[in-house]
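The structure appears right after this line, and notes come after that.
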Amino acid sequence: MAVEVTSRAIEVLRRALEAGRLDPATAGIRVTLATGLRGAELRTGFAEQAEPGEETVVADGIRLFVAPDISGTLDVGDEHDRIILR
């Protein structure tokens with residue numbers, strides 16, 4: 001599995017941690033896919049550590065805990081600084 005993170009996505013993720021008053025040294029962001037009415041949708045949330053099977057990706061000091069079914073590039077969509085998968 002290969003996950004890359006754009007600089008724009010890193011900025012958005014860093015702002016999310018700051019808004020949540022979380023220290024990147026102790027908190028990370030979990031990235032998962034959820035299936036809904038509109039198909040697969042990328043979801044993010046705060047976490048302290050990876051779950052079994054997740055890959056830990058460190059991008060410019062931000063820890064991401066990535067679900068095993070995700071590969072590609074995390075980027076920012078044009079709508080509301082939303083993290084997307086390309």
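Quick notes on this structure:
- Of everything in the range 34-65 that is hydrophobic (A, V, I, L, M, F, W, C) and in a loop (DSSP other than H, G, I, E, B), the residue that is farthest from Ala16 (Cα to Cα) is Leu37.
- Filter result for Val58 (under 14 Å from Leu74 (Cβ atoms), of a type in the set (A, V, I, L, M), surrounded by 10 or more Cβ atoms within 10 Å (Cβ to Cβ) and free of Cβ contacts under 8 Å to residues at least 12 places away in the same chain): yes
- When residues of the range 66-84 are limited to those that are at pLDDT 90 or above and not in a loop (DSSP other than H, G, I, E, B), the one surrounded by the most Cβ atoms within 10 Å (Cβ to Cβ): Leu74
- Selection status of Val31, in a strand (DSSP E or B) and buried (at least 16 other Cβ atoms within 10 Å of the Cβ): yes
- Meets criteria (surrounded by 17 or more Cβ atoms within 10 Å (Cβ to Cβ) and in contact with a Pro (Cβ under 7 Å, 6 or more places away or on another chain)) for Leu42: no
The values are calculated or read from the model by the stated rules, or taken from the named source; none is laboratory data. Here the structure is a predicted model, which means the values were calculated and not measured. Every residue, glycine among them, receives a Cβ derived from its backbone with ideal geometry; neighbour counts consider all protein chains shown.
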